[in-house]
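The values are calculated or read from the model by the stated rules, or taken from the named source; none is laboratory data. A quick note: this is a predicted structure, and the numbers were derived from the prediction, not measured. Using ideal geometry, Cβ is built from the backbone for each residue, glycine included, and neighbour counts are taken over all protein chains shown. For accessibility, only protein heavy atoms count, side chains too; no ligands or nucleic acids. Shrake-Rupley method; radii C 1.70, N 1.55, O 1.52, S 1.80 Å.
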Amino acid sequence: MTTKQRKASVRATAELKQDRAVRTRAQTLHVAAQLFAQQGFRATSMQHIADRLGMTKGAVYFHFPTKETLAVAIVEEHYGRWPKVVKEVQAEGLSPVESAEEILKRAAVAFRDDPVMQAGARLQLERPHIDAELPTPYVDWTQLLQSLLVTAKYSGELREGVDPEAAARTLVSSFFGVQHISDVLSHRKDIAERWEETRKLLFYSLRA
């Protein structure tokens, strides 16, 4: 084997290991999210996560040194998924109010179906019991919706007298209230339907 071939082989092996590590980290994050969503932060141990994965606890610690770092990673992933969704909605050419409606509709479905979204919500509620700094909840959602509603106001899409900032706070409070109640009463099985009821009332009062 030539020197060039050896270097290529070493590079290919390193890339394979890196790819495997990325997949294992993502799988660990997903399984931990399932467990945190189902039973909470305090009731879930790193051993539980390792057992569900079929890995050693040491392998889990290789990617996440503590349970707290794993919780932070899940919450960050929870929030990190939304910029892509916002771009997808914006690409559809919807009006500002329609965009706000569509983003919240997709959020309801994500909270119903996605363990990372479910875990992120539960971990935020349990933040007093997590010895780590978690991202501040609700602020980004409020700013996003406020921005859309400000644009809607200047384009004549918003009812006269509606304050975009107050409306954004109301939408966020209503959405996460629906999300929480649906979680408590039905494990979010009916969140899409319950949000649709709320959406009709709220956006009827916002539209010009």
Worksheet item: Using alpha-carbon pairs under 8 Å, 6+ residues apart, how would you state the relative contact order of segment 56-121 in percent?
Response: 40
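In whole percent, how big is the carbon plus sulfur part of the accessible area of the chain, probe 1.4 Å, protein atoms only?
On the way: 6350 of 11880 Å².
Carbon plus sulfur share of accessible area: 53 percent.
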Item to complete: Considering only lysines 8 or more places apart in sequence, or on different chains, count the pairs in the chain whose C-alpha atoms sit under 18 Å apart.
Response: 6
Worksheet, complete the sentence: Neighbours of Glu157 by Cβ distance under 10 Å: Lys/Arg at +1, Asp/Glu at -1, summed charge +2
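Once every DSSP H run of n ≥ 4 in the chain is given -39500 (n - 2.57) and the sum is divided by its residues, what mean residue ellipticity at 222 nm do you get, rounded to the nearest 500 deg cm²/dmol?
Working: 10 runs with 159 residues, N = 208.
Here the helix-only value at 222 nm equals -25500 deg cm²/dmol.
Hey, what does the equivalent ellipsoid look like for the chain, semi-axes from the Cα gyration tensor as sqrt of 5 times each eigenvalue, largest first, whole Å?
Numbers: eigenvalues 307, 106, 37 Å².
Each semi-axis is the square root of five times an eigenvalue, giving 39, 23, 14 Å.
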Worksheet item: Check Arg207: other-chain or 5+ apart residues with amide H under 5 Å from its amide H, H built from backbone geometry?
Response: Arg159
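Considering all alpha-carbon pairs of segment 150-194, what whole percent are spaced by more than 11 angstrom? Don't jump to the answer; show the numbers that get you there.
Values: 677 of 990 pairs.
Cα-Cα pairs in segment 150-194 separated by more than 11 Å: 68 percent.
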Worksheet, complete the sentence: Of the convex hull enclosing the alpha-carbon atoms of segment 63-158, the direction-averaged projected area in nm² is 7.0
Response to the item:
Result for the chain: accessible area per residue, probe 1.4 angstrom, in square angstrom, of 57
Item to complete: Can you grab the distance from the C-alpha centre of segment 149-188 to the C-alpha centre of segment 18-49, Å, no decimals?
Response: 32
Worksheet, complete the sentence: If N is the residue count of segment 86-208, its Cα Rg over 2.2 N^0.38 Å rounds to 1.10
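For a protection proxy built on the mean count of beta-carbon atoms within 10 angstrom, sort 93-105, 58-70 highest first, please.
On the way: 93-105: 18.2, 58-70: 16.2.
Highest mean packing first, the order is 93-105, 58-70.
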